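Asker: Can you keep this structure in mind? I'll have questions shortly.
The values are calculated or read from the model by the stated rules, or taken from the named source; none is laboratory data. Model, not experiment: these values are computed from the prediction. Here the Cβ positions follow ideal geometry from the backbone for every residue, glycine too, while neighbour counts run over all protein chains shown.
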Amino acid sequence: MLADMREEYARGTLHKSDLSESPLKQFDLWFNQIKEMGVPDANAFTLSTITKNGTPASRVVLLKGVESGSFVFFTNYLSEKGMDIESCPNVAMNFFWRDLERQVRIEGVATKLSKDASDQYFNSRPYSSQLGALASPQSEIIKSRQWLEERWSELRNDFPNEEQIKRPDHWGGYAIQPSLFEFWQGRASRLHDRFRYSPSSDQWKIDRLAP
C-alpha cells in the first residue's frame with residue numbers, strides 16, 4: 001500500500017558551519033558532487049509557474065547553465081510554461097537528488113535571454129533536436145503521433161543540412177534570478193536538516209528551518 005511506502009534517510013548531515021556564505025557557491029558544491037557520481041539527468045529540476053487563472057503548474061526541465069548568478073534553461077516561448085512566465089515571471093525550481101538524499105528549492109524571477117545567447121545554444125544542439133524545436137507546436141493539441149513524425153520528416157527534407165536551420169523566434173532561453181534558496185538534507189526519523197538563504201541588505205541571511 002502507498003501508506004506503507006517509506007524509507008529512512010541516513011546518508012548525510014548538514015550543519016550551518018558546513019554552508020558557504022553564498023547560496024550559489026553552495027549549489028555549485030552540491031551539484032558538482034552529484035554530477036561526479038554520474039547520476040543521469042542530475043541537471044533536471046521541477047519548474048513551477050503560475051497560470052493566468054492563478055493556479056500552479058509544474059513540469060521537469062533541464063538546467064543548462066548558471067550564468068551571472070542566474071539559472072538558465074531553454075524552451076518554446078509559446079508553450080504553457082512560456083505563456084505562464086509571460087503573464088507572471090515569478091517561478092520556483094526544485095532539484096531532488098535521491099542518491100545523496102538532498103533537495104534544493106529556489107524561488108526567483110524568469111526573464112528571456114538575449115537573442116544572441118539563445119542562438120548560440122540552439123546552434124550547439126544536435127541536428128535532430130533542432131528539427132524537433134521546429135516540428136513541435138509545444139503544448140498545443142495535435143492530431144496524432146503520426147502527424148508529429150510526418151512533420152519532423154518533412155522538415156528534415158526541407159533542411160537536410162544542419163547549417164540551414166535557424167533558431168525559430170518562438171524558441172529560446174530564460175534566466176531565473178534567484179531571490180530565495182533552501183537546502184535540504186534527509187535525516188533519520190524525518191528530522192531533516194533544512195537551511196534557507198534569504199536576502200538581507202548586501203548579503204544572504206541563513207536560517208535553520210524545522211523539518
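Asker: Quick check on V61: is it closer than 28 Å to F159 by Cβ and at pLDDT 95 or above?
Answerer: Criteria met by V61.
Asker: Within the group F195, F122, F181, which residue is under 24 Å from V72 (Cα atoms), in contact (Cβ under 8 Å) with a residue 40 or more places away in the chain and either in contact with a Pro (Cβ under 6 Å, 6 or more places away or on another chain) or not aromatic (F, W, Y) (or both)?
Answerer: F181
Asker: Still on this structure, I have one more. Cβ-Cβ below 8 Å, separation at least six or inter-chain, first residue in segment 28-52 and surrounded by 14 or more Cβ atoms within 10 Å (Cβ to Cβ), second among the polar types (S, T, N, Q) and in a strand (DSSP E or B): which pairs?
Answerer: F45/N94; T46/S58; T46/N94; L47/S58; S48/S58; S48/N94; T49/S58; I50/N90
Asker: Still on this model: Does at least one position in segment 132-147 carry a residue that is of a type in the set (S, T, N, Q) and within 30 Å of D18 (Cα to Cα)?
Answerer: no
Asker: What number of residues in segment 65-79 are touching a residue at least 60 places away in the same chain (Cβ under 8 Å) and either closer than 11 Å to S118 by Cα or crowded, with 16+ Cβ neighbours inside 10 Å (or both)?
Answerer: Selection size over segment 65-79: 10.
Asker: Looking only at segment 169-191, decide whether some residue is in a helix (DSSP H, G or I) and surrounded by 13 or more Cβ atoms within 10 Å (Cβ to Cβ).
Answerer: Scanning segment 169-191 turns up no residue that is in a helix (DSSP H, G or I) and surrounded by 13 or more Cβ atoms within 10 Å (Cβ to Cβ).
Asker: How many residues are of a type in the set (A, V, I, L, M) and more than 22 Å from M93 (Cα to Cα) if we restrict to segment 164-192?
Answerer: Residues meeting the conditions: 3.
Asker: For segment 103-119, indicate whether the set of residues that are acidic (D, E), at pLDDT 95 or above and touching a strand residue (DSSP E or B) at 6+ places or on another chain (Cβ under 6 Å) is non-empty.
Answerer: Checking segment 103-119: at least one residue is acidic (D, E), at pLDDT 95 or above and touching a strand residue (DSSP E or B) at 6+ places or on another chain (Cβ under 6 Å).
Asker: Identify, by number, the condition in (1) free of Cβ contacts under 8 Å to residues at least 24 places away in the same chain; (2) within 28 Å of E67 (Cα to Cα) that G173 doesn't meet.
Answerer: It is condition (1) that G173 fails.
Asker: Now for a different question. Restricting attention to segment 28-58, and to residues there that are β-branched (V, I, T) and out of contact with any helix residue (DSSP H, G or I) (no Cβ under 8 Å at 6 or more places or on another chain), which single residue is nearest to E101 (Cα to Cα)?
Answerer: T46
Asker: Further question: Can you give me the number of residues within segment 110-147 that are in contact with a Phe, Trp or Tyr (Cβ under 8 Å, 6 or more places away or on another chain) and under 22 Å from V91 (Cβ atoms)?
Answerer: The total comes to 8.
Asker: Could you check segment 158-187 and list, in sequence order, the residues that are out of contact with any Lys or Arg (no Cβ under 7 Å at 6 or more places or on another chain) and among the polar types (S, T, N, Q)?
Answerer: N161, Q164, Q177, S179
Asker: Which number in (1) under 25 Å from the mean Cα position of the chain (by Cα); (2) at pLDDT 95 or above marks the one condition that L134 misses?
Answerer: Of everything listed in (1) under 25 Å from the mean Cα position of the chain (by Cα); (2) at pLDDT 95 or above, L134 misses just condition (2).
Asker: I'd like to verify a number: residues in segment 173-211 that are in contact with a strand residue (DSSP E or B) (Cβ under 6 Å, 6 or more places away or on another chain), among the small types (G, A, S) and under 30 Å from E8 (Cα atoms), how many?
Answerer: Of the residues in segment 173-211, 1 are in contact with a strand residue (DSSP E or B) (Cβ under 6 Å, 6 or more places away or on another chain), among the small types (G, A, S) and under 30 Å from E8 (Cα atoms).
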